Amino acid sequence: MKSVPLRASGRDPRSPAPAGWAVWLALLGAALLVGVLAAEQPLLAGALTVLMVLFAGLTRMWHRLSELALGFLGVSLVGYAFLGKGYAYIGVPPLFVGEIALALGLLALLRVGATGIRHHRGLLALVYVFMFIGLINTVPYISLYKIDALRDSVTWLYAAFALIVAGLLLRLNWLERVTQQYARLIPWFLFAAPLSFIVYKLFKNGIPAWPGSDTPLLYPKGGDIGVHLAGIVAFLLLGLHHHFNVSQSRRSWHEWLWWSLIVLGVLATSESRAATLVITASGLLIVLLRPRSGWGRPLYLVAVVLTLLVATNFSVNLGGQRDISAEGLLLNAQSVAGDSGSDVREGTRTWRLNWWNDIVDYTIYGPYFWTGKGYGINLADSDGYQVKREHSLRNPHNGHMTFLARSGVPGFLAWVALQLAFGFSLLRAYARARATGQTTWASLNLWLFAYWLAFLVNASFDVYLEGPQGGIWFWSVFGFGLAALETQRRQAAALSGAPSTTAPLPAPLKEF
């Protein structure tokens with residue numbers, strides 16, 4: 001069976017830029033307003049200046065808005081991956097980089113007119129249902145909780161990134177290009193991730209904070225790093241780096257170095273049970289579904305490292321309550337399944353389970369069955385599980401429970417149905433690609449499934465999808481998956497001779 005590129009449709013159509021005189025008139029009025037506000041409201045004046053610059057840039061690049069929006073989102077995803085929560089505070093309150101990426105993406109999607117998804121409209125419908133339920137559980141609380149309601153609403157609003165990414169990728173034919181960029185960034189992330197986490201743990205009090213915020217410039221979390229390491233583990237095990245690596249200078253020792261850095265990353269983030277679990281689960285998933293994948297190197301390195309840790313009784317503390325050691329890794333595994341014997345681990349585990357049980361009681365079996373408590377209320381305060389003096393904890397350490405508590409049973413079922421349908425679609429596409437001998441598509445489907453699953457597992461242990469470093473990444477991967485599924489179905493229809501409503505497909509791509 002012949003394989004074709006990961007592309008599907010024509011380029012973004014050109015359209016005229018806004019009228020010149022109107023643009024200059026709007027910029028002049030905004031400049032006068034900035035001058036008036038500069039003395040009394042400097043932050044507001046700064047935010048308006050940023051908007052002016054963005055608006056001026058958009059008028060100059062209107063015909064390339066799709067490229068600009070997707071490129072800006074790509075840069076932001078790299079920033080979230082490398083700097084963690086620290087990157088999220090770039091901007092002037094309430095206009096941060098995530099909000100800019102969302103507004104720019106929605107504008108670009110509005111310009112192109114549609115997502116272009118025809119074969120997977122059921123998934124699109126589930127996305128819309130999920131967002132609609134979130135909306136009706138937000139609007140009634142805006143007058144009561146004001147900015148808090150809007151801040152909490154991003155938990156469901158970030159799903160718009162799935163529509164943005166899917167629509168723009170299909171419009172621009174960038175599916176293969178984006179995957180190549182991901183492959184290029186792998187060695188850089190493998191080097192930077194464990195180093196940034198260690199630097200943060202050792203020197204977090206000395207890292208400068210963003211102006212107007214107490215959040216440091218560098219703020220990585222073990223679970224967040226673990227998710228991306230899990231995606232990289234799956235990518236390497238499936239051999240996708242051979243296919244999408246445009247550089248021809250790679251040598252065998254590069255892979256040994258990459259796997260060594262992955263093992264170092266696992267050790268550096270081993271105080272996080274979520275990080276340990278997602279990386280292990282990702283590797284095991286690939287080995288089970290693709291037993292011939294290249295797991296020899298990582299297995300050998302893990303065996304050597306664990307043997308050395310046990311033989312030398314290695315243990316180091318980076319300033320937290322948990323040590324990095326072979327015993328710590330074992331306790332992480334035990335604490336997920338049952339009693340680990342560690343007071344620290346068992347304390348946090350009991351606290352979470354009690355909170356989740358209370359959420360189930362007042363939703364499934366209680367008065368908040370249909371609507372939940374809504375978006376805007378501080379759940380930690382309302383449920384009696386606040387552990388922060390500044391009351392900064394707002395959601396349970398489980399994204400699935402957040403949807404249940406805030407959107408009730410209907411919202412939770414919409415969330416579960418959407419994720420099950422997406423996961424099933426990826427596995428079905430994987431099975432179809434294997435049956436037809438298209439190993440590139442099969443590997444890509446399986447990698448996306450492992451990556452998506454890593455996000456969901458980490459979201460089960462942390463406030464992850466509720467923030468931009470987790471939520472924007474998750475829904476962007478979801479959108480990439482939608483684009484991949486749609487492109488695969490279009491190409492299958494083209495190869496079978498079925499009538500197509502899309503542009504002609506390019507020349508075939510060699511399998512690896």
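No value in this document is a laboratory result; all are computed from the given coordinates. Quantities reported herein were computed from a predicted structural model and do not represent experimental measurements. Here the Cβ is made from the backbone with ideal geometry for all residues, glycine too, and neighbour counts use every protein chain on show.
Brief remarks follow.
- Taking the stretch 137-157 as the range and being over 19 Å from the mean Cα position of the chain (by Cα) and surrounded by fewer than 20 Cβ atoms within 10 Å (Cβ to Cβ) as the test, the residues that pass are V139, P140, I142, S143, L144, Y145, K146, I147, D148, L150.
- Total residues in the stretch 348-379, condition farther than 11 Å from L404 by Cβ and hydrophobic (A, V, I, L, M, F, W, C): 5
- Of all residues in the stretch 136-153, those satisfying the criterion of being under 19 Å from V409 (Cα atoms), hydroxyl-bearing (S, T, Y) and not in a loop (DSSP other than H, G, I, E, B) are Y141, S153.
- Every residue from the stretch 349-398 that is over 26 Å from I142 (Cβ atoms) and either among the aliphatic types (A, V, I, L, M) or surrounded by fewer than 17 Cβ atoms within 10 Å (Cβ to Cβ) (or both): T350, W351, L353, N354, N357, V360, D361, I364, Y365, V387, R389
- When each of P187, P216, P194 is tested for being in contact (Cβ under 8 Å) with a residue 60 or more places away in the chain and in contact with a Lys or Arg (Cβ under 8 Å, 6 or more places away or on another chain), the lone residue that passes is P216.
- Qualifying residue in the stretch 402-415 (condition: within 23 Å of F455 (Cα to Cα), crowded, with 16+ Cβ neighbours inside 10 Å and polar (S, T, N, Q)): yes
- Residues in the stretch 159-201 that are over 15 Å from F244 (Cβ atoms), in a helix (DSSP H, G or I) and of a type in the set (G, A, S): A160, A162, A166, G167, A192, A193, S196.
- Checking H397 against (1) assigned to a loop (DSSP other than H, G, I, E, B); (2) farther than 15 Å from N354 by Cα, the condition it does not meet: (2)
- Test result for A88, of a type in the set (A, V, I, L, M), under 20 Å from the mean Cα position of the chain (by Cα), surrounded by 17 or more Cβ atoms within 10 Å (Cβ to Cβ) and over 24 Å from L418 (Cβ atoms): yes
- Checking each residue in the stretch 445-467 for being crowded, with 22+ Cβ neighbours inside 10 Å, among the aromatic types (F, W, Y) and within 16 Å of A162 (Cβ to Cβ) picks out F449, Y451, F455.
- Meets criteria (under 30 Å from S392 (Cα atoms) and surrounded by 14 or more Cβ atoms within 10 Å (Cβ to Cβ)) for G134: yes
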